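J.: The structure under discussion is supplied below as structure tokens; questions concerning it will follow.
The values are calculated or read from the model by the stated rules, or taken from the named source; none is laboratory data. All of these numbers come straight from a predicted model, not from anything done at the bench. Note that we place each Cβ from the backbone using ideal geometry, even for glycine, and neighbour counts take in every protein chain shown.
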Amino acid sequence: MSAVDTFEHIIRHQSMHQLVPFLLALDKKEQIAVRAKTKALRKELTDMRQLSSSTWGRTGTEPQLVMLFLAGVATYTRKEAMGLDEPLGMYWGEGDIRTANQQHFFLVAEHARPNWFREWFERQSRGGPWGLPDYGLLREMEARQLIEYEPALFSRTLAHSLSLKSYRQRRENKPVPNYAGKLLQDFEATSDPIQRDLLGLFDYDTTVDSAQAYTGIAQRHVTWHDVLLHLAAASHLARTELLTRSLVALRRNFRRPLLTWFKNLFLSLKPTPEERLARQQELVELLAHTQPQVVNFALDQVKAFWTDAAFDPVPLLLYAEGLVTRQDLKTAQRTLLSGFEKLLKRNPSLAPELGRLASAALASADAAVQAKAAKLLVSLLQPRQPLLTADETADLIGSLTDYADLMTSGTRQLLVPWLAPVPEPVLTSGGGYVPRAGFVPDLSVATAVTPVADWHELLFLTGQVLRHDNVLELERWVDGLLRLKPLFLTDYARQLLPYLVQVRPFLKGKTGEQATAIIAGNGLAGHRGLVEALVLGWAQGFSTERVNKVNVRYDQDTSDPLVLVEQRRFVAAEYHLRTGSGLPLLSTPSHAPHWVAPSVLVDKLLAYEALHVEPDPADLAVALARTAYAHAADAETALSRLSQLQRPELRELLEWLLTPALPPIPTFHPAKTSLLKHLTARLGKLLPGNAGGSALADAWPWLWAVTARTRQPEGVFEELTAMIPTDYIGVVRPWTPEWHFEVKTNTWVEQWKPGKPTMTHQYPVLQFPSKYTSQTPPSLLLLYSQHARFRAMGHAGWLLPHDYRFVVSLIPHNHAPLHWHVVRTAAWADGLESTERDVVQAALQELLGPGPVFTEPTTLLLALGLMHKVPACRALALEAFLSACTTGRLDPAALGTILGRFLANEFVPVQRLADNLQQARAIDAATDDALQQVLDNLLPELSAAPLRNTKKLVELYADLSTRSGRLPAEAVKTNLLNWKSTAALKKAMGDLV
């Protein structure tokens with residue numbers, strides 16, 4: 001029997017006792033053969049397969065997997081070892097069995113001495129801490145010189161060992177009395193051997209913040225905090241060293257939870273004032289950190305010894321330069337400015353530097369920060385004893401004028417003696433900002449889309465579109481394929497190979513029939529799959545249909561329905577490429593970002609008629625939705641050419657869309673449908689969305705519905721009633737879901753606490769009574785009705801953040817249905833998950849450009865963005881707000897009313913919104929006026945009993961009123977008078993009422 005046969009027999013029928021002597025006796029030539037057999041057996045025994053009619057699993061047993069791993073240790077080179085994906089010792093068992101397996105491992109490892117252990121451990125750890133080995137096993141391998149010392153690896157393994165101890169103890173299922181105390185005693189007994197790696201926990205990103213051992217008592221765990229504090233109390237670790245290392249660790253760019261852990265460790269050690277003062281250098285250096293929590297922590301420690309003679313303020317003032325201008329450090333800035341007042345009393349010679357820093361703090365959007373800076377400046381400019389020279393005073397007063405426009409009314413009142421006089425504003429009742437009605441797209445030369453010039457640019461664009469992040473580049477690329485097909489090089493398939501490998505990675509290194517088979521395979525999905533299908537079809541010379549086979553609804557509950565429309569467009573493009581018609585898509589934008597010029601659309605339709613080709617209904621529907629009908633000059637040019645169109649239905653439709661006077665929609669008479677056509681239509685509804693399209697003759701009613709809703713998003717079209725058996729959502733009337741607030745209540749019993757208290761958590765959510773309809777849209781062409789029937793209410797689609805920019809580009813005139821969809825699925829409550837955050841960010845990003853005035857769902861989306869829990873979303877929403885003020889898209893009255901409703905129902909904290917709106921102040925007069933109009937409508941929605949931090953909104957409103965000279969609205973005065981009884985609000989109001 002050969003060595004390979006013997007090895008296979010041992011794996012299948014024997015045990016480790018026979019395998020170890022066999023591996024130790026292998027010569028070099030036999031090792032190569034056994035290596036190949038090991039790989040084959042591993043694949044066979046670990047592949048998931050169907051074991052019975054209802055069971056799937058692997059066929060290999062755990063002892064067999066342990067033996068195969070040991071054979072890998074004996075025979076694998078580095079290349080094969082990187083394919084091992086189970087952690088070392090995963091199947092070794094527990095107790096005596098584990099000990100025996102460990103001894104066998106060391107026998108084989110010391111004999112073979114593979115050189116890939118360290119790199120393999122590093123690779124395993126990238127997948128998370130559970131890929132790491134047992135810490136004791138790693139130290140034993142180091143002692144036997146099987147692996148070199150790597151500080152990061154050993155520290156990460158030690159951090160995870162706490163969780164492994166608990167995991168193994170629970171697997172043994174043997175209760176251990178006072179397990180927590182015994183675990184701490186075990187660490188105390190081994191503190192000297194592990195001290196090297198214990199201190200390494202402060203140097204590397206480990207799981208020390210999350211690792212814990214379960215004690216066997218509900219909600220009771222032993223953490224590394226407990227271990228380190230116990231070792232410090234027992235004098236096995238120097239407490240002073242732990243304090244210093246905690247501060248040094250806080251300087252690193254660690255994860256936020258890990259930084260919190262080091263902060264809490266420092267506080268748990270309860271440093272004395274003397275110990276803090278001795279570490280003033282480390283604490284001050286933390287002020288340069290990018291995380292606000294670290295800066296706030298450092299200042300909290302430093303403020304205890306502002307006036308101590310041993311404290312050196314010079315390094316702190318150097319770091320303060322960067323702190324006073326950061327907009328994310330309001331708490332730190334208030335603490336810092338309070339400390340400056342104490343420093344000034346202790347050391348008056350610091351007055352010039354403190355004055356410069358205080359004046360820089362006036363740029364803060366926070367009223368409390370400005371107030372503290374102003375008080376410090378007053379103490380510098382009006383001291384009992386002069387603190388500044390005449391030149392220093394003049395420079396300081398001059399710097400105040402630079403920040404005068406940014407000052408709140410309270411700050412301005414404090415500093416008015418040193419500010420240049422400004423004319424008193426004339427109190428008025430009007431406003432300066434007015435939304436711009438009648439949006440007209442820009443069809444100038446500057447926005448014209450440049451066609452792809454040649455083959456080389458088309459090839460370059462292929463790489464760009466495979467990144468799936470640019471709508472216009474994708475449109476140009478598809479148009480380039482259609483126009484330049486006659487100019488393709490004879491060997492273009494070879495030049496496409498790098499892009500084909502991106503779509504099909506298995507193509508790398510393949511040629512001939514094998515490569516052809518890989519390219520011909522299906523399995524593409526989603527919007528990205530549509531692009532990839534065109535690339536693969538290009539390599540095949542568009543000889544077969546590929547786009548129609550892409551599964552765009554492979555995730556039924558989250559895929560966006562408009563992706564189906566995009567698929568029909570690309571099916572039409574693929575058809576033109578396969579037939580070589582040379583015709584472009586009607587819906588390809590002629591001007592950025594997504595507009596089709598009316599004259600361009602008519603010219604394309606004439607080209608279709610010249611070749612006797614019928615337009616694709618989906619392509620025509622998107623073209624109509626993208627047509628810039630409001631551009632008078634181009635619409636007039638298009639109207640003058642309509643008479644050249646031979647199809648009367650097209651002439652009538654385009655004439656209605658482009659005529660400025662907006663004539664009435666023609667009356668439709670229901671057409672009689674044959675039984676065969678009726679059954680075919682019913683069958684088509686039952687087929688997947690990928691199947692079939694509709695002929696143009698049957699599509700005219702739906703094209704009229706799209707055209708009408710494009711030109712008048714909020715119009716009512718009773719004339720369309722005749723073409724559908726039922727009044728489907730979004731056809732005759734716009735789709736406007738109702739919404740209201742509902743308070744949800746979660747109740748649970750905390751069994752592990754004394755008395756088992758019952759806890760209750762209440763939170764408001766948005767509810768949509770008309771949130772779901774089971775009726776399928778009568779046609780895929782109804783672009784503005786597709787989202788009404790969407791089953792995943794309250795669950796955002798994980799695909800939508802990636803596809804959003806593409807689907808929103810299909811309906812540039814009327815985003816309302818899509819925005820209703822985003823709000824219903826991704827913004828119905830505060831503090832949702834990351835998928836919902838990504839959807840909201842994608843939607844807010846598309847609000848930054850010019851477009852029609854925001855409708856109700858868009859305003860609702862903007863409001864939710866301004867109040868979002870994630871700072872990045874709030875910042876993006878603020879940018880959209882400022883952009884909308886510039887472009888005239890904002891409806892401030894609607895936005896204020898919606899924001900007020902949310903605050904009144906305590907959907908979010910008032911401070912979160914107030915802090916965000918503060919940053920829009922003092923940019924320009926129009927933005928100030930729009931912001932004041934928002935507050936004019938927001939404040940009346942609040943209750944007579946002021947919410948927490950209402951003062952911030954009142955201060956902002958008072959400042960805006962002072963700037964504009966506009967009297968408060970009557971509806972606002974009522975609430976202001978009610979709130980005047982509150983001392984804090986009365987002071988904030990000033991002379992408003």
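J.: Which condition number does Val434 fail, the rest of (1) modelled with pLDDT under 90; (2) over 19 Å from Leu577 (Cα atoms); (3) in a loop (DSSP other than H, G, I, E, B); (4) of a type in the set (Val, Ile, Thr) being met?
T.: Answer for Val434: the failing condition is (1).
J.: Just for helices (runs of 4 or more DSSP H) wholly inside the range 77-161: which have at least 1 residues that are free of Cβ contacts under 8 Å to residues at least 60 places away in the same chain and more than 26 Å from Val34 (Cα to Cα)? Please lay out each step first, then the result.
T.: Values: elements: 78-81, 95-112, 117-125, 135-143.
Hits in the range 77-161: 95-112, 117-125, 135-143.
J.: Okay, moving on. Counting just the residues of the range 382-396 that are touching a residue at least 24 places away in the same chain (Cβ under 8 Å) and part of a helix (DSSP H, G or I), which one comes out surrounded by the most Cβ atoms within 10 Å (Cβ to Cβ)?
T.: The extreme case among them is Leu396.
J.: Among the residues of the range 79-99, are any at pLDDT 90 or above and closer than 25 Å to Gly127 by Cα?
T.: no
J.: Determine which single condition Ala71 fails, assuming it passes every other condition in (1) out of contact with any Asp or Glu (no Cβ under 6 Å at 6 or more places or on another chain); (2) farther than 20 Å from Trp116 by Cα.
T.: (2)
J.: Let me ask something else. Pick out the one residue from His456, His468 that is closer than 29 Å to Ser581 by Cβ and outside any helix (DSSP H, G or I). I'd like the intermediate steps shown before the answer.
T.: Values: His456 fails: outside any helix (DSSP H, G or I).
Going through His456, His468 in turn, just one is closer than 29 Å to Ser581 by Cβ and outside any helix (DSSP H, G or I): His468.
J.: Does the range 537-551 hold any residues that are out of contact with any strand residue (DSSP E or B) (no Cβ under 7 Å at 6 or more places or on another chain) and either at pLDDT below 90 or surrounded by fewer than 24 Cβ atoms within 10 Å (Cβ to Cβ) (or both), and which are they?
T.: Once the filter is applied, which keeps residues that are out of contact with any strand residue (DSSP E or B) (no Cβ under 7 Å at 6 or more places or on another chain) and either at pLDDT below 90 or surrounded by fewer than 24 Cβ atoms within 10 Å (Cβ to Cβ) (or both), the range 537-551 yields Gly537, Trp538, Ala539, Gln540, Gly541, Phe542, Ser543, Thr544, Glu545, Asn548, Lys549.
J.: Assess whether Arg42 counts as being crowded, with 17+ Cβ neighbours inside 10 Å, at pLDDT below 90, out of contact with any Asp or Glu (no Cβ under 9 Å at 6 or more places or on another chain) and among the basic types (Lys, Arg).
T.: Values: crowded, with 17+ Cβ neighbours inside 10 Å: yes; at pLDDT below 90: yes; out of contact with any Asp or Glu (no Cβ under 9 Å at 6 or more places or on another chain): yes; among the basic types (Lys, Arg): yes.
So Arg42 fits the description; yes.
J.: Just to be sure I understand the filter: pairs with C-beta atoms under 6 Å, separated by 6 or more residues or on different chains, first member in the range 656-670 and within 17 Å of Leu703 (Cβ to Cβ) and at pLDDT 90 or above, second member surrounded by 15 or more Cβ atoms within 10 Å (Cβ to Cβ) and aliphatic (A, V, I, L, M). Which pairs pass?
T.: Leu658/Ala635; Leu658/Ala638; Leu658/Leu639
J.: Would you check which residues across the range 816-833 are of a type outside the set (A, V, I, L, M) and either part of a helix (DSSP H, G or I) or within 12 Å of the chain's Cα centre (by Cα) (or both) and list them? Working first, answer last.
T.: So in the range 816-833, the residues of a type outside the set (A, V, I, L, M) come out as 817, 819-821, 824-825, 828, 830-831, 833.
Once the filter is applied, which keeps residues that are of a type outside the set (A, V, I, L, M) and either part of a helix (DSSP H, G or I) or within 12 Å of the chain's Cα centre (by Cα) (or both), the range 816-833 yields Pro817, His819, Trp820, His821, Arg824, Thr825, Glu833.
J.: Follow-up. Just checking, does the range 695-707 include any residue being modelled with pLDDT under 90, assigned to a loop (DSSP other than H, G, I, E, B), surrounded by 13 or more Cβ atoms within 10 Å (Cβ to Cβ) and among the small types (Gly, Ala, Ser)?
T.: no
J.: So for the range 731-743 (the condition being at pLDDT 85 or above, in contact with a His (Cβ under 7 Å, 6 or more places away or on another chain), not acidic (Asp, Glu) and not in a loop (DSSP other than H, G, I, E, B)), does at least one residue qualify? Show your work before the answer.
T.: The initial filter retains those residues of the range 731-743 that are at pLDDT 85 or above, namely 731-743.
Subset that is in contact with a His (Cβ under 7 Å, 6 or more places away or on another chain): none.
Checking the range 731-743: not a single residue is at pLDDT 85 or above, in contact with a His (Cβ under 7 Å, 6 or more places away or on another chain), not acidic (Asp, Glu) and not in a loop (DSSP other than H, G, I, E, B).
J.: Give me the residue from the range 230-289 that is part of a helix (DSSP H, G or I) and basic (Lys, Arg) and, out of that set, farthest from Leu336 (Cα to Cα).
T.: Filtering the range 230-289 for residues part of a helix (DSSP H, G or I) gives 230-233, 239-250, 256-268, 273-278, 280-288.
Narrowing further to those that are basic (Lys, Arg): 239, 245, 256, 263, 276.
Details: Arg239: 29, Arg245: 25, Arg256: 23, Lys263: 19, Arg276: 17 Å.
If we take residues in the range 230-289 being part of a helix (DSSP H, G or I) and basic (Lys, Arg), then Arg239 is farthest from Leu336 (Cα to Cα).
J.: Among the residues of the range 440-456, is there at least one that is modelled with pLDDT under 90 and of a type in the set (S, T, N, Q)?
T.: For the range 440-456, residues modelled with pLDDT under 90 and of a type in the set (S, T, N, Q): absent.
J.: Now for a different question. How about the range 205-229: which of its residues are assigned to a loop (DSSP other than H, G, I, E, B) and within 20 Å of Thr157 (Cα to Cα)? Outline the logic, then answer.
T.: Taking the range 205-229 as the starting set, the residues that turn out to be assigned to a loop (DSSP other than H, G, I, E, B) are 205-211, 215-220.
Answer for the range 205-229, where residues must be assigned to a loop (DSSP other than H, G, I, E, B) and within 20 Å of Thr157 (Cα to Cα): Asp205, Thr206, Thr207, Val208, Asp209, Ser210, Ala211.
J.: May I ask you to say which residue of Arg126, Arg118 is of a type outside the set (Gly, Ala, Ser), surrounded by fewer than 19 Cβ atoms within 10 Å (Cβ to Cβ), in contact with an Asp or Glu (Cβ under 7 Å, 6 or more places away or on another chain) and at pLDDT below 90?
T.: Working: Arg126 fails: in contact with an Asp or Glu (Cβ under 7 Å, 6 or more places away or on another chain).
Only one candidate qualifies: Arg118.
J.: Take Pro648 and tell me if it is modelled with pLDDT of 70 or more and farther than 15 Å from Ala697 by Cβ. Spell out the reasoning first.
T.: Details: modelled with pLDDT of 70 or more: yes; farther than 15 Å from Ala697 by Cβ: no.
Judged against the criteria, Pro648 is not a match.
J.: Quick one: count up the residues across the range 577-635 that are part of a helix (DSSP H, G or I), among the aliphatic types (A, V, I, L, M), in contact with a helix residue (DSSP H, G or I) (Cβ under 8 Å, 6 or more places away or on another chain) and farther than 26 Å from Pro561 by Cβ.
T.: Applying the first criterion (part of a helix (DSSP H, G or I)) to the range 577-635 yields 577-579, 598-610, 617-626, 632-635.
From the residues that got through so far, the ones that are among the aliphatic types (A, V, I, L, M) too are 577, 600-602, 605-607, 610, 618, 620-625, 632-633, 635.
Now drop any that are not in contact with a helix residue (DSSP H, G or I) (Cβ under 8 Å, 6 or more places away or on another chain), which leaves 577, 601-602, 605-606, 618, 620-625, 635.
Among the residues that remain, those that are also farther than 26 Å from Pro561 by Cβ are: 602, 605-606, 635.
Within the range 577-635, residues that are part of a helix (DSSP H, G or I), among the aliphatic types (A, V, I, L, M), in contact with a helix residue (DSSP H, G or I) (Cβ under 8 Å, 6 or more places away or on another chain) and farther than 26 Å from Pro561 by Cβ number 4.
J.: If you don't mind, another one. Considering each of Ser379, Ser359, Ser364, Ser399 in turn, give the residue that is free of Cβ contacts under 8 Å to residues at least 40 places away in the same chain, closer than 26 Å to Glu955 by Cα and either in contact with a Ser or Thr (Cβ under 6 Å, 6 or more places away or on another chain) or among the hydroxyl-bearing types (Ser, Thr, Tyr) (or both). Working first, answer last.
T.: Working: Ser359 fails: free of Cβ contacts under 8 Å to residues at least 40 places away in the same chain; Ser364 fails: free of Cβ contacts under 8 Å to residues at least 40 places away in the same chain; Ser399 fails: free of Cβ contacts under 8 Å to residues at least 40 places away in the same chain.
Of the residues listed, the single one that is free of Cβ contacts under 8 Å to residues at least 40 places away in the same chain, closer than 26 Å to Glu955 by Cα and either in contact with a Ser or Thr (Cβ under 6 Å, 6 or more places away or on another chain) or among the hydroxyl-bearing types (Ser, Thr, Tyr) (or both) is Ser379.
J.: Would you please list the contacts, defined by Cβ atoms under 6 Å and residues six or more apart or on different chains, that run from a residue in the range 734-745 that is closer than 20 Å to Pro817 by Cα to a residue that is of a type in the set (Gly, Ala, Ser)?
T.: Trp735/Ala788; Pro737/Ser770; Glu738/Ser770
J.: Of all residues in the range 838-849, which are of a type in the set (D, E, K, R) and closer than 17 Å to Leu860 by Cβ? Before you say what the answer is, go through the steps one by one.
T.: Our first condition is that a residue be of a type in the set (D, E, K, R); within the range 838-849, this holds for 838, 846.
Selection gives Glu846 alone.
J.: Of the residues Ile11, Ile32, only one is under 21 Å from Met90 (Cα atoms) and either of a type in the set (A, V, I, L, M, F, W, C) or out of contact with any helix residue (DSSP H, G or I) (no Cβ under 7 Å at 6 or more places or on another chain) (or both); which?
T.: Working: Ile32 fails: under 21 Å from Met90 (Cα atoms).
Testing whether each residue is under 21 Å from Met90 (Cα atoms) and either of a type in the set (A, V, I, L, M, F, W, C) or out of contact with any helix residue (DSSP H, G or I) (no Cβ under 7 Å at 6 or more places or on another chain) (or both) leaves just Ile11.
J.: Let me ask something else about it. Kindly provide the set of residues from the range 320-331 that are buried (at least 17 other Cβ atoms within 10 Å of the Cβ) and either of a type outside the set (Val, Ile, Thr) or assigned to a loop (DSSP other than H, G, I, E, B) (or both), ordered by number. Spell out how you get there, then give the answer.
T.: Narrowing the range 320-331 to residues buried (at least 17 other Cβ atoms within 10 Å of the Cβ): 320, 323-324, 329-331.
Within the range 320-331, Ala320, Leu323, Val324, Leu329, Lys330 meet the criteria.
J.: Being out of contact with any Phe, Trp or Tyr (no Cβ under 6 Å at 6 or more places or on another chain), touching a residue at least 40 places away in the same chain (Cβ under 8 Å) and under 20 Å from Arg805 (Cα atoms) is the requirement here; does Arg889 meet it? Reasoning before the result, please.
T.: Working: out of contact with any Phe, Trp or Tyr (no Cβ under 6 Å at 6 or more places or on another chain): no; touching a residue at least 40 places away in the same chain (Cβ under 8 Å): yes; under 20 Å from Arg805 (Cα atoms): yes.
For Arg889, the condition - out of contact with any Phe, Trp or Tyr (no Cβ under 6 Å at 6 or more places or on another chain), touching a residue at least 40 places away in the same chain (Cβ under 8 Å) and under 20 Å from Arg805 (Cα atoms) - is not met.
J.: Is there any pair linking a residue in the range 701-718 that is within 14 Å of Glu652 (Cα to Cα) to one that is outside any helix (DSSP H, G or I) and of a type in the set (Val, Ile, Thr), with Cβ under 8 Å and at least six apart or on different chains, and which?
T.: Pro701/Ile724; Trp704/Ile665; Ala705/Val731; Ala708/Ile665
J.: In the list Glu321, Glu274, which residue meets the criterion of being of a type in the set (Asp, Glu) and over 26 Å from Ser359 (Cβ atoms)?
T.: Working: Glu321 fails: over 26 Å from Ser359 (Cβ atoms).
On inspection, the qualifying residue turns out to be Glu274.
J.: Yes or no: Asp491 over 30 Å from Arg711 (Cβ atoms), modelled with pLDDT of 90 or more and surrounded by fewer than 16 Cβ atoms within 10 Å (Cβ to Cβ)?
T.: Answer is no for this residue.
J.: Looking at the range 834-879, which of the residues that are out of contact with any His (no Cβ under 6 Å at 6 or more places or on another chain), part of a helix (DSSP H, G or I) and of a type in the set (Ser, Thr, Tyr) is surrounded by the most Cβ atoms within 10 Å (Cβ to Cβ)?
T.: Keep residues of the range 834-879 that are out of contact with any His (no Cβ under 6 Å at 6 or more places or on another chain), which gives 834-856, 859-860, 862-873, 875-879.
Then keep just the ones that are part of a helix (DSSP H, G or I); that gives 834-845, 856, 859-860, 862-866, 871-873, 875-879.
So of that shortlist, the ones also of a type in the set (Ser, Thr, Tyr) come out as 834-835, 859.
Values: Ser834: 11, Thr835: 18, Thr859: 24.
This residue is Thr859.
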